[in-house]
Structures are given as structure tokens and as C-alpha cells.
Amino acid sequence: MNFQTFNSYKMNYLKKAIYFGLLFAHFITAIYWLKGKVWLRFANENYEVACVPVFRNCFELAFENLFYVQSIFYIYALFCVIGLFLVLFDKTKIYMLIFYSLTFFKVLVLLSRYNFMGNYHTMHLSLSILTILSLGSFHFYRLGLILQYVFAGLLKLNIEWLSGAALVSYSTYMLSGFWHTLSLAYVPVLELILIWGLLSQNVLLRRVTLLQLIIFHLYSVLIVGFYYPLIMMGLLLPIVINEFTNDDSGLLKYSFTTLNDLQFGNSNFRRRASIFFIMLMIVWNISSKFYGIDPSMDGNIRYETLNMLDSKLKCQHTLLEEKSDGSIVALNIPKIVNFLRIHCDAIVYDTFLQRLCQKNPNSKFLFYLESARTTDKEYTLVRTYNNVCKEL
């Protein structure tokens, strides 16, 4: 088999691995959502709904009969399975159509409720969009995946992660003492520096880097459970396939230019669109560092960029109603979202206040929200409204 033929064959294999890995991530997402009875978030009587900034009135998208919504999510899971089988049977046009449809559906779901927020969705969709733009280019996929790790590593350069305060749970099987502290410091080094070993021409370095990532995600099961590590295993699948796709003489050393031509042909548009999207990801994720606001305390930034166990928050809020006679009455706010990562996000309270104003349009409410990382001694004022219904 000559060089050109083998590389063409290998690129087809890697492209299938990319789509299989991304479809697998869709399947795990579907299982996770169905296990959590996600359709209940669309119920009329559900007051825990929080909206994303681009869809402020998401609570209006509610249903009395949840059977239809439930059925949609089961269909989502079914098509994930069908797509996986079609990749195995090399039905390219059909599984690509299914993949595009599932990706579009997942975007709609995430826009429908802020409650769905999760860094695993951000990573999955970023790589999915990059795959759509590049038509399954392995090189762009690998670079996009590396950047996701880098963005995650940047978020871990804080006392919450390095001290272990950000960890949501502990297991008796976890490392302890000095080794626990060392492991926490090792992860940012892996995600910021060692991760670039995946681009090395040295076979051993690439495989050692990949092995570290696999061990890291297996270990993370003890902290975050199975869902996120399974997502990452799906996203890492093309990298694994690349390392163990050999010809008769061993692992083939190839040039970026040669394989780039094989994947794109004469399509400069796809190449430029892919580069533009990668640049957009970089700017989008780094720009939050210049907002002057702690990203873990502002839902807008958390929603827009990647976030990974950056902090656990505590918050306190005040809701007052000013009566027509000038008197001030304190109002209670029910527990809105029972989710550790976002229960203090300002977006969550904005939705509650918006619904409150719809029911009491002529009332004047005052609202103050203060948040702090668990390692902070003092609270920071995150949101303040002197007249909620006019300022929202």
C-alpha cells in the first residue's frame, strides 16, 4: 500500500472515530438526561427553571402534558444508538445527517434552560461544531481538544482547586495527604503544559501524554461520578485510534500538509472557517479573564465559557418590597435550583425575579445578591436592583 493510499485510508478511519466519539458523547448525554427525568424541567408547575440570557422568557416554554416532551428525549437517545451503528457500518451520509441533527437538538435544549449548564456540554459542542466546519479533520479536532484542556487548566490556577476546596466529593479510594496535594497541582500542569505532547512527533511522548489523560479521567470518577469521564473517553477516542493505527512498518510519520490536502481537497472555505472558529474559542474563553468579575460568581461568564470545578460558592440574598406607604417588607426566596455549581449564579435569581414581576407588575422590589468562594472571608456584591421590575 503506497503512502497516498494508506493516508487516505487512515484519514477515513480517524474521521469515523471522530464521529463515533462525538455520537457516543451524545448517547451518554441522553442517558444522563433520561436518568434525571429531564423532561420535568418543562413542567408548568416547575419553579426551579432558570433561563439563559439569550432566552429570558424560557419559562414560557412549558407543557401540561409531559408525555410529548419525554418522548422527544427518548427519541434523542434512540437516534444516538442508530448513529453509532451507522458509523460502524460506514453509512457516512446518514450518520453525518444524524450527527448534525443531534447537535442542533442539543444546542436547542441547552438554550431552553440554564439548568442544563455544564462544562462537558461546552466541550462536546465546541468539538462538534469544529468537526462540522472542518468536515471531520483530525488535525483540527485534536487541536480543538487540546485547547479545551488548556482552558480547563487556566480555571484551576486558584486556591480553590489547589487546596481541594473545589472538589464536590471525596472517596475513601482517593489519594490523601501529600499525594492528594501533589495530584491537585499535577492536573493544571498536565492540562496547560504536558497536553501539548499530543502534537509531538515522538511516539512515546504522545502515548505517555494520552495515558496520563486516561488515568486522570478514570481517577476523576471518584470525584464527579461516571458521566463526565465517559464523555471525555468518547472525545479521546480519535486520539487513541490515531496512536494505534499502524502500517506494516509501525506508526506512520506524516506531514500536516499532506493530510490536510487529503481531508480538505480544494476547500479553502472549510479550512478558514475552522481556523476562525478555533481563534474564536481562544478569545471567547480568555476574554472572561479581563471582565473584572470572578467567572464563578457570574452566570453570564459561566454560561459563555468553559468552566471546570473552579469553585464552590456560598451566597446570601435580600429581597425587599417597598409598599405604597413607604414601608419596607422583607420577602423570602425559596430554594430555586438544587444544583451545587449554579445555585448562587445571578442568572438563576434573575429568572425568579422576572417571574415575580410578571405576577406583580406594579410592585417595587429591591434585590441584593452577595457571593463568595468557600475560601473567601468576605462576600462580594454580585447583583443589585433598586427597582427590580424596571431594571430587569
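The values are calculated or read from the model by the stated rules, or taken from the named source; none is laboratory data. Note that the coordinates shown come from a computational prediction; the quantities given were computed from them, not determined experimentally. With ideal geometry, Cβ positions are generated from the backbone for all residues, glycine too; neighbour counts draw on all protein chains shown. For accessibility, only protein heavy atoms count, side chains too; no ligands or nucleic acids. Shrake-Rupley method; radii C 1.70, N 1.55, O 1.52, S 1.80 Å.
Listing for the model above:
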| read-out | value |
| --- | --- |
| Boolean, Asn115 is in a helix (DSSP H, G or I), of a type in the set (S, T, N, Q), under 19 Å from the mean Cα position of the chain (by Cα) and at pLDDT below 95 | yes |
| Breaking point among (1) touching a Pro at 6+ places or on another chain (Cβ under 7 Å); (2) more than 30 Å from Ile18 (Cβ to Cβ), for Gly153 | (2) |
| Test: residue in the stretch 59-77 that is closer than 20 Å to Phe138 by Cβ and either touching a residue at least 60 places away in the same chain (Cβ under 8 Å) or β-branched (Val, Ile, Thr) (or both) | no |
| Residue count for the stretch 353-392, restricted to those that are in contact (Cβ under 8 Å) with a residue 60 or more places away in the chain and in a helix (DSSP H, G or I) | 2 |
| Criterion violated by Leu230 - all others in (1) at pLDDT 55 or above; (2) touching a helix residue (DSSP H, G or I) at 6+ places or on another chain (Cβ under 6 Å); (3) open to solvent by less than 50 Å² (accessible area, probe 1.4 Å); (4) assigned to a helix (DSSP H, G or I) satisfied | (3) |
| Filter result for Val52 (open to solvent by less than 10 Å² (accessible area, probe 1.4 Å) and under 27 Å from Gly225 (Cα atoms)) | yes |
| Residue within the stretch 79-94 that is hydrophobic (A, V, I, L, M, F, W, C) and within 30 Å of Lys335 (Cβ to Cβ) present | no |
| Test result for Ile98, surrounded by fewer than 17 Cβ atoms within 10 Å (Cβ to Cβ) and either closer than 21 Å to Lys35 by Cβ or hydrophobic (A, V, I, L, M, F, W, C) (or both) | no |
| Filter result (in a helix (DSSP H, G or I) and aromatic (Phe, Trp, Tyr)) within the stretch 70-112 | Phe73, Tyr74, Tyr76, Phe79, Phe85, Tyr95, Phe99, Tyr100, Phe104, Phe105 |
| Qualifying residue in the stretch 58-66 (condition: assigned to a loop (DSSP other than H, G, I, E, B) and closer than 22 Å to Pro334 by Cα) | yes |
| Those helices (runs of 4 or more DSSP H) lying entirely in the stretch 131-225 with at least 1 residues open to solvent by 50 Å² or more (accessible area, probe 1.4 Å) and at pLDDT 90 or above | 138-155, 177-192, 203-224 |
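So that you can scan it fast, the table gives a plain yes or no per residue for (1) open to solvent by less than 40 Å² (accessible area, probe 1.4 Å); (2) assigned to a helix (DSSP H, G or I); (3) at pLDDT 65 or above:
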{"site": "Met281", "(1), (2), (3)": "yes, yes, yes"}
{"site": "Asn285", "(1), (2), (3)": "yes, yes, yes"}
{"site": "Gln316", "(1), (2), (3)": "no, no, yes"}
{"site": "Ala330", "(1), (2), (3)": "no, no, yes"}
{"site": "Ile333", "(1), (2), (3)": "yes, no, yes"}
{"site": "Cys344", "(1), (2), (3)": "yes, no, yes"}
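Let's see how each residue does on (1) more than 21 Å from the chain's Cα centre (by Cα); (2) among the charged types (D, E, K, R); (3) within 30 Å of Val87 (Cα to Cα):
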site	(1), (2), (3)
Tyr173	yes, no, no
Ser183	yes, no, no
Gly197	yes, no, yes
Val208	yes, no, yes
Leu218	no, no, yes
